[in-house]
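Right, one structure below, let's go through it.
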Amino acid sequence: MFPVYDSVSWPRQVEVEALVISGGTHPNSVVRTEVLTTIRSEIGIRVTHVNGNHDYLGSAFPNGGGNLIPIDGARFTVATLWTYLDRPLS
């Protein structure tokens with residue numbers, strides 16, 4: 001295990017191809033960047049971070065939507081827990 005931030009720690013080796021960290025990482029963008037940089041450099045796998053609503057505290061929340069995001073052949077769509085999907089994703 002290695003410490004990432006405060007009391008959070010991660011295993012040094014994991015048997016996965018990628019890690020998706022979805023939201024709520026830290027409201028301070030400087031701390032969030034430091035945490036994500038540490039995770040990316042220490043864990044040795046692809047790390048993708050998706051900002052959550054708290055990650056935008058004190059800044060703008062972009063109004064993008066309805067997009068699928070391809071990463072290395074996998075398609076991702078992300079949403080907050082209160083998102084209303086009025087049609088199926090294609």
Exercise for review: May I ask you to list the residues in segment 27-50 that are among the charged types (D, E, K, R) and over 25 Å from residue 73 (Cβ atoms)?
Suggested key: 32, 34, 42
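What number of residues in segment 5-26 are within 23 Å of residue 76 (Cβ to Cβ) and either assigned to a loop (DSSP other than H, G, I, E, B) or at pLDDT below 65 (or both)?
The first filter runs over segment 5-26 and keeps only residues within 23 Å of residue 76 (Cβ to Cβ), leaving 10, 14-26.
Of the ones still in play, those that are also either assigned to a loop (DSSP other than H, G, I, E, B) or at pLDDT below 65 (or both) are 10, 14-17, 23-26.
Within segment 5-26, residues that are within 23 Å of residue 76 (Cβ to Cβ) and either assigned to a loop (DSSP other than H, G, I, E, B) or at pLDDT below 65 (or both) number 9.
The rows are residues; the columns are (1) modelled with pLDDT of 70 or more; (2) among the β-branched types (Val, Ile, Thr); (3) surrounded by 13 or more Cβ atoms within 10 Å (Cβ to Cβ).
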position	(1), (2), (3)
30	yes, yes, no
38	yes, yes, yes
41	yes, no, no
52	yes, no, yes
69	yes, yes, no
72	yes, no, no
75	yes, no, no
83	no, yes, no
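The values are calculated or read from the model by the stated rules, or taken from the named source; none is laboratory data. Remember, it's a predicted structure, so these values are computed and weren't measured experimentally. Every residue, glycine among them, receives a Cβ derived from its backbone with ideal geometry; neighbour counts consider all protein chains shown.
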